[in-house]
Amino acid sequence: MIFVGELADLPPGESARVQGEAPIAVFNVDGELFAIDDTCTHQDASLSDGWLEGCAVECPLHAACFDLRTGRPSGPPAKKPVRTHQVSVDDGLVYVLESTSVDAAVEGVS
Amino acid sequence: MRDITIVGASLAGLTTARSLREQGFDGRIVVIGDEEHAPYDRPPLSKEFLAGTSSEDDIGLTEPDDSGLGVEWRLGRTAEALDTGERAVLLDDGERITTDGVVLATGARARTLPDSVPEGVHTLRTLDDARALRKELVPGARLIVIGAGFIGAEIASTAVGLGCEVDIVEAAAAPLQRALGTDMGSVCGRLHARNGVRMHLRAGLAELIGEFRVTAVRLEDGRELPADVVVVGIGAQPNVEWLADSGIPLHNGVLTDERGLTEVPGVAAVGDCANSHRAYTAESMRLEHWTNALQQPAAAVAALLGREHAAPAHHAVPYFWSDQYGHQIQFAGHRTADCTIQVEEGDLDSGDFLALYVDGAGAPVGVLGIDRPRAFGRWRRRLAGRL
Ligand SMILES: Cc1cc2nc3c(=O)[nH]c(=O)nc-3n(C[C@H](O)[C@H](O)[C@H](O)COP(=O)(O)OP(=O)(O)OC[C@H]3O[C@@H](n4cnc5c(N)ncnc54)[C@H](O)[C@@H]3O)c2cc1C
Ligand code: FES
């Protein structure tokens, strides 16, 4: 488990970045929390700097959109999905459980 | 509409084919491309691919899913004429393809010097260009870049990383002047000096010296700069000459309305070759930017198929990025003649900032950021609010 911070510090529409084995971005979408790998699979932009649009985040550099639920990009220039991770909230504190591989993360959802 | 021909097999052409299927078109699609290669991405050609950190596989644009598009590819074939009466495209090998709709996505090519050039002188637009240039950028090679626009700047940056010695020759008073204006062009241009690249401004090229292979470049003021390799980065021009007799209105590219339709029924144009009316500037502009080539096809396809198309508002704001010396430069909007600069974040001297272009009436019309992607994304959307 990776400690992210207090839920109060992550209001809807906001994101946070934490360091797991790889950097992880955590998003609050209207009260629902999602976590994906922070580094875009196209180049090395930080997705926590991206634009939240519903359940997707748009990469801040070249605008590939990743679905926060599956990690899949909706189109170019990104081709590969990012990993998705489990988020839990305990007593107002947010934690992320880092998943192992991209494939496992994607298969788990679809 | 039963069948559609797309001319140009690069980002805009491939995206058109994908958009057609996404929007439910189940007829025949033929895509003609004069390069032998399957569609590939150009931005890495001056960056990672030239640096050797990206392979040809990495820059390929087609994905396994694309085999499901059911496209008939005609690669390595050139469209030579368009018969608008029958909407027939004539190929160099005599094939005549008649369809209901035609999408022109022929892009642009590098502008070249008027005279023939000795060996060692390059332009950079295609994969073949990049392969050839890459071989020459060996450590210690003296590279002269003619033209301090984005492509020239990126090549200089990559070449420094490869251990070359680099000079840039620019006719204007500042690098990147056309896109960013003199002040911001100079600010971004400081990256060159910081990385040991010599910039020669207000310097005209008089002649390339070297009998078989280039050995130096002579400037108009008489100075001679020794060179092993020269890259001419003086802009691009649209590939539209083949349409000269077609009756399609041409002016710095294919003239289209806001959606990408030409005056000729059933013929649209997208990407670098299209001079389209833009809501953001209320005038026609040809945009030579990746994001335009990616976003324009969906609208043009919808117009061709007679469907509604709603894109997010910020797609209407022209946008491009550039990577130089490890820094990310992003620009959105449009620079008007009466613009002044307002620094929003960071400071110009440190080279880490976000600046707005504010027009004479006090309205922000453009935003420039270096290494500020988050704030930049917000501003890009706020600019869309002008529409
Ligand atoms: C080196 C380089 C770096 C770049 N970096 C950036 C960047 O960092 N950021 C950014 O925003 N943009 C960048 N761009 C611009 C971006 O790549 C272009 O905007 C984009 O490629 C345009 O796509 P397109 O499909 O419209 O045209 P093109 O990519 O030019 O493709 C047109 C295709 O049509 C073919 N064709 C032409 N005529 C015919 C014919 N008669 N018959 C058949 N085929 C034909 C051409 O050979 C070509 O393959 C860069 C471009 C280059 C060259
Ligand atoms: S780095 Fe994310 S789309 Fe390019």
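The values are calculated or read from the model by the stated rules, or taken from the named source; none is laboratory data. Just so it is clear, the structure is predicted and the values come from calculations on it, not from any experiment. Because the Cβ atoms are built from the backbone with ideal geometry, glycine has one as well, and the counts that use them run over all protein chains shown. Protein only, heavy atoms only, side chains kept; ligands, DNA and RNA dropped before computing areas. Shrake-Rupley method; radii C 1.70, N 1.55, O 1.52, S 1.80 Å.
Going by what's in this entry, would B:A269 be described as in contact with a Leu (Cβ under 6 Å, 6 or more places away or on another chain), modelled with pLDDT of 95 or more, under 22 Å from B:F25 (Cα atoms) and within 16 Å of ligand 2 (Cβ to nearest atom)?
So B:A269 does not fit the description; no.
Select from region B:113-124 the residues that are closer than 15 Å to B:I146 by Cβ and part of a loop (DSSP other than H, G, I, E, B) and write down the one among them that is nearest to the chain's Cα centre (by Cα).
Per the stated criteria, the residue is B:L124.
Determine, yes or no, whether B:L219 is over 17 Å from the mean Cα position of the chain (by Cα), over 29 Å from A:G75 (Cα atoms) and open to solvent by less than 30 Å² (accessible area, probe 1.4 Å).
Spelling it out, B:L219 is indeed over 17 Å from the mean Cα position of the chain (by Cα), over 29 Å from A:G75 (Cα atoms) and open to solvent by less than 30 Å² (accessible area, probe 1.4 Å).
One residue is enough: does region B:126-135 have a residue meeting the conditions touching a residue at least 24 places away in the same chain (Cβ under 8 Å), away from ligand 1 (no atom under 11 Å from the Cβ), closer than 22 Å to B:A227 by Cβ and away from every other protein chain (no Cβ under 14 Å)?
Looking through region B:126-135, at least one residue is touching a residue at least 24 places away in the same chain (Cβ under 8 Å), away from ligand 1 (no atom under 11 Å from the Cβ), closer than 22 Å to B:A227 by Cβ and away from every other protein chain (no Cβ under 14 Å).
Collect the residues in region B:225-272 that are in contact (Cβ under 8 Å) with a residue 24 or more places away in the chain, open to solvent by 10 Å² or more (accessible area, probe 1.4 Å) and part of a helix (DSSP H, G or I), keeping them in residue-number order.
Across region B:225-272, the qualifying residues are B:W242, B:D272.
Could you check region A:71-102 and list, in sequence order, the residues that are in contact with a strand residue (DSSP E or B) (Cβ under 8 Å, 6 or more places away or on another chain), more than 16 Å from ligand 2 (Cβ to nearest atom) and either among the acidic types (D, E) or closer than 13 Å to A:A35 by Cβ (or both)?
Listed by number, the residues that qualify are A:T84, A:H85, A:Q86, A:V87, A:S88, A:V89, A:V94, A:Y95, A:V96, A:L97, A:E98, A:S99.
For region A:48-75, what are the residues that are within 9 Å of another protein chain (Cβ to nearest Cβ) and of a type in the set (S, T, N, Q)?
Result: A:S48, single match.
Consider B:P44 against the criteria (1) open to solvent by less than 40 Å² (accessible area, probe 1.4 Å); (2) in contact (Cβ under 8 Å) with a residue 24 or more places away in the chain; (3) within 16 Å of ligand 2 (Cβ to nearest atom): it satisfies all of them except one. Which criterion is unmet?
Failed condition: (2).
Would you mind stating whether A:E6 is more than 9 Å from the chain's Cα centre (by Cα) and either within 16 Å of ligand 1 (Cβ to nearest atom) or away from chain B (no Cβ under 14 Å) (or both)? If you could, list the steps in order and put the result at the bottom.
Working: more than 9 Å from the chain's Cα centre (by Cα): yes; either within 16 Å of ligand 1 (Cβ to nearest atom) or away from chain B (no Cβ under 14 Å) (or both): yes.
Yes.
Could you say which residue among A:C40, A:C65 is touching a strand residue (DSSP E or B) at 6+ places or on another chain (Cβ under 8 Å), buried (at least 20 other Cβ atoms within 10 Å of the Cβ) and not aliphatic (A, V, I, L, M)?
A:C40
Select from region B:16-66 the residues that are of a type in the set (S, T, Y) and near ligand 1 (Cβ under 8 Å from one of its atoms) and list them in ascending order. Steps first, answer last, please.
First, the residues of region B:16-66 that are of a type in the set (S, T, Y): B:16, B:19, B:40, B:46, B:53-55, B:62.
If the condition is that a residue be of a type in the set (S, T, Y) and near ligand 1 (Cβ under 8 Å from one of its atoms), then B:S46 is the only one that fits.
Only one of these conditions is not met by A:T84: (1) within 14 Å of another protein chain (Cβ to nearest Cβ); (2) surrounded by 18 or more Cβ atoms within 10 Å (Cβ to Cβ); (3) polar (S, T, N, Q). Which number is it?
Unmet condition: (1).
Failed condition for A:D9, given (1) open to solvent by 50 Å² or more (accessible area, probe 1.4 Å); (2) touching a residue at least 12 places away in the same chain (Cβ under 8 Å), with all others met?
Of (1) open to solvent by 50 Å² or more (accessible area, probe 1.4 Å); (2) touching a residue at least 12 places away in the same chain (Cβ under 8 Å), only one is false for A:D9: (2).
It is to be established whether one or more residues within region B:68-80 are closer than 30 Å to B:G147 by Cα, crowded, with 19+ Cβ neighbours inside 10 Å, in contact (Cβ under 8 Å) with a residue 60 or more places away in the chain and of a type in the set (A, V, I, L, M, F, W, C).
no
Being more than 16 Å from ligand 1 (Cβ to nearest atom), modelled with pLDDT of 95 or more and among the charged types (D, E, K, R), is that true of even one residue in region B:338-354?
Scanning region B:338-354, I find at least one residue that is more than 16 Å from ligand 1 (Cβ to nearest atom), modelled with pLDDT of 95 or more and among the charged types (D, E, K, R), so the answer is yes.
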